[in-house]
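Peer 1: This is the structure, below, for whatever I ask next.
The values are calculated or read from the model by the stated rules, or taken from the named source; none is laboratory data. Small disclaimer: the values here were computed from a predicted structure and weren't measured. Cβ placement follows ideal geometry from the backbone for every residue including glycine, while neighbour counts extend to all protein chains displayed. Side chains are part of the model used for accessible areas, which takes the heavy atoms of the whole protein and leaves out ligands, DNA and RNA. Shrake-Rupley method; radii C 1.70, N 1.55, O 1.52, S 1.80 Å.
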Amino acid sequence: MIRVRRVVAVAIIIVIPLSVLLLPSFLKENAEILFLNTFSPVMKVSRVMRSGTDRFFRGIIDLFKAKDENRRLLLENRKLSTENLHLKEAQKENARLHRLLSFDETKVEFSTPARIVGRDSGRWYHTVLIDKGFSNGVREGMCVVSGADLVGKVIQIGNKVSKVLLIIDHHSRVGAIVQRSRENGVLEGRSQLLCRLNYLSRNADIKEGDLIISSGLTQGFPKGLAIGNVMNVHKEKYGLYSYADIKPAVDFGKIEEVLVIDHGLEKSESL
Amino acid sequence: MITLKITILMAFIAVLQSAILNFYPLFGKHTIDFICITVVFLSLKYGWRRGGYAGILGGFFEDSFSSAVLGCNAFSYGIVALFTGIVSTVLYREHLSTRMMMVFAGSLVVYGINMVFQLLLTSGVTFSTSEVFQSAILNTAISPFVFYVIEKIRID
């Protein structure tokens, strides 16, 4: 009898997770959203606790660095003021040229800032949880950025929390181009905080240090978002393609706030 | 009552790991797998059935907080509980070194199963064996502190 009970218990431990794995994806998604919604208030409180502790320790460290930092910032300020003047001129010129060529401006239909309230262990998967969800206007497939740098896209939404797939995750695919030479490729996550630009032509004009930007060919991602810089280029002896390892522009280990943007996603869904 | 306490403990550890501890990786890249350590501890102390329950529950939490397919981690932690239960019948399980050894083996089992799932479900996956071993060693090194804390909670 004990033996039978033991066999049943073993079967349950193995069968339950496996049967959940085989459930239809909409059921799995609903279950995950239920978990997310249940725990989102706790995660927000944890984030406040974490940032409070962070601020305290950073404050102490920053005090020691303040003098040098101040001197460096003064110099940088002067340099940036000059640069700003030039950029304003360039912006005006750019606007004039855009009008002249009848270019469509990159339109962002919706944007909302969000804080990162959770992240996974980073061993196999690279996702973060943000404190904005359906009730804040966030929708699945929206693009997530930090400044002008690409972070990832929303893959699951709860009521007040959403899951963001980072560009370094294995499941992530983004159309990308080399800014200097306009060579096209597909950016794939490679974990270990790296990405790979695949499907470059064999004789692609790409070199170490080149900036990679989004091509705008992937739905939901605007064109021109910085992705990262080329670390090294691999050209195989045979084959049609070459590929390059990319160091992302975003420091995914330290990122705390992001911006969720809708680049015409809702419009395309309604069409 | 113990089941309820285990449920609360696993939910607490999953949230703590996702919302706080994963933000501070050791040596910039290794996060400690507190769920695995807890599952091993519970399996050794309260038997593999309770450990298995804790593993499945903790795994479901971890799956829903990450991009993993729901059930993937639940399965791997369930197997860790079973494995720990089976091995512990032939080992002296009260000694700290045995517990630490089980955490090391359990971590490798979790990584191994995750690797298989990744290879089956995702294309172009790369993994480094040395990193897997480093993470397992770190889990093992941290485990006495986690054991101490859980022991203090007094689940029974």
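Peer 1: Counting only residues that are within 9 Å of another protein chain (Cβ to nearest Cβ), in contact with a Leu (Cβ under 9 Å, 6 or more places away or on another chain) and open to solvent by 10 Å² or more (accessible area, probe 1.4 Å), how many does region A:157-168 have?
Peer 2: 0
Peer 1: Here is a further query. With respect to B:F83, determine if the residue is surrounded by fewer than 23 Cβ atoms within 10 Å (Cβ to Cβ) and away from chain A (no Cβ under 12 Å).
Peer 2: no
Peer 1: Something else about it: Looking only at region B:79-97, decide whether some residue is closer than 30 Å to A:A31 by Cα and polar (S, T, N, Q).
Peer 2: Yes - at least one qualifying residue is present in region B:79-97.
Peer 1: Go through (1) facing another protein chain (nearest Cβ under 8 Å); (2) without any contact (Cβ under 8 Å) to a residue 12 or more places away in the chain and name the single condition B:L120 misses.
Peer 2: Looking at each condition in turn, B:L120 falls short on (1).
Peer 1: Hey, can you tell me all the residues within region B:33-46 that are within 10 Å of chain A (Cβ to nearest Cβ) and open to solvent by 20 Å² or more (accessible area, probe 1.4 Å)?
Peer 2: Correct list: B:F34 only.
Peer 1: Shifting gears a bit: Any residue at all in region A:174-181 that is farther than 18 Å from A:S121 by Cα, surrounded by 22 or more Cβ atoms within 10 Å (Cβ to Cβ), touching a Lys or Arg at 6+ places or on another chain (Cβ under 8 Å) and among the aliphatic types (A, V, I, L, M)?
Peer 2: Looking for residues that are farther than 18 Å from A:S121 by Cα, surrounded by 22 or more Cβ atoms within 10 Å (Cβ to Cβ), touching a Lys or Arg at 6+ places or on another chain (Cβ under 8 Å) and among the aliphatic types (A, V, I, L, M), one finds none in region A:174-181, hence no.
Peer 1: Hey, could you check region A:213-238 for residues that are assigned to a strand (DSSP E or B) and over 14 Å from the mean Cα position of the chain (by Cα) and say which is nearest to A:V260 (Cα to Cα)?
Peer 2: Within region A:213-238, the match that is nearest to A:V260 (Cα to Cα) is A:N229.
Peer 1: May I ask you to list the residues in region B:47-66 that are open to solvent by less than 10 Å² (accessible area, probe 1.4 Å) and more than 8 Å from chain A (Cβ to nearest Cβ)?
Peer 2: B:G51, B:A54, B:G58
Peer 1: Please specify each residue of region A:232-258 satisfying the condition of being aliphatic (A, V, I, L, M), farther than 25 Å from A:R115 by Cα and open to solvent by less than 70 Å² (accessible area, probe 1.4 Å).
Peer 2: A:V233, A:A244, A:I246
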